[in-house]
2 protein chains.
Amino acid sequence: MELNFKEGGLLPAVVQDATSGQVLMVGYMNPEAVERTRESGLVWFYSRSRAALWQKGETSGNVLRVRELWTDCDQDVVLVKADPAGPTCHTGEVSCFFTPLDVAARSA
Amino acid sequence: MELNFKEGGLLPAVVQDATSGQVLMVGYMNPEAVERTRESGLVWFYSRSRAALWQKGETSGNVLRVRELWTDCDQDVVLVKADPAGPTCHTGEVSCFFTPLDVAARSA
């Protein structure tokens with residue numbers, strides 16, 4: 001299965017806790033980050049701000065161990081089901097998604 | 001909470017089934033898509049290929065009803081917890097993520 005790299009050669013990668021299903025973070029992968037992730041079984045990303053590859057948890061120790069990798073029907077998003085070694089967010093939160101947004105209307 | 005729109009004014013939006021936790025799809029939102037989603041309680045995206053706003057399920061009827069909206073620590077990704085009215089993928093699959101990718105190594 002080939003991934004569909006376009007628009008700067010980066011794809012969003014959604015990381016989900018393989019056990020709880022909680023969405024932990026979204027990062028970006030270039031082809032080399034995908035390759036390193038597939039070869040090492042640990043999640044690698046490409047940092048747009050630093051223009052560099054980085055292994056999640058390289059410094060903090062809070063690595064993400066890959067259980068499953070999936071792509072979508074357009075092959076332009078990666079879904080990683082992973083076992084996190086600790087909190088994923090740099091703030092110390094389990095997930096980077098800890099900020100709710102208001103919804104004005106909720107359809108029944 | 002202000003979202004951090006940059007790089008063309010689009011943010012990735014991850015849609016997760018509010019009940020099962022399954023990741024259903026990833027789309028992109030511009031400020032107006034976020035606004036319409038918050039106001040209507042139904043998920044709207046911005047199509048990059050068609051350069052137009054679209055309501056998910058507008059044609060198929062398989063709308064996504066918003067239960068919760070979240071953003072991440074950088075405010076540059078949206079997480080939607082939604083109740084899907086039917087299969088989310090245009091192929092008829094429940095989720096767009098039905099294609100596995102091999103992982104060569106799995107760390108213990």
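The values are calculated or read from the model by the stated rules, or taken from the named source; none is laboratory data. Small disclaimer: the values here were computed from a predicted structure and weren't measured. Virtual Cβ from ideal backbone geometry, glycine too; neighbours counted across all protein chains shown.
A few points about this structure:
- Subset of segment B:8-40 [surrounded by fewer than 23 Cβ atoms within 10 Å (Cβ to Cβ) and within 14 Å of A:VAL26 (Cβ to Cβ)]: B:LEU10, B:PRO12, B:TYR28
- Every listed requirement among (1) closer than 30 Å to A:LEU42 by Cβ; (2) modelled with pLDDT of 95 or more; (3) facing chain A (nearest Cβ under 10 Å) is met by B:ARG65 save one, (1).
- Set side by side, the residues A:THR88, A:THR99 differ, and just one is hydroxyl-bearing (Ser, Thr, Tyr) and facing chain B (nearest Cβ under 8 Å), which is A:THR99.
- Top-ranked residue of segment A:12-56 - restricted to ones that are within 11 Å of chain B (Cβ to nearest Cβ) and at pLDDT below 95, ranked as nearest to the chain's Cα centre (by Cα): A:ARG48
- Residues (touching a residue at least 12 places away in the same chain (Cβ under 8 Å) and facing chain A (nearest Cβ under 8 Å)) located in segment B:70-85: B:THR71, B:ASP74, B:GLN75, B:VAL77, B:VAL78, B:LEU79
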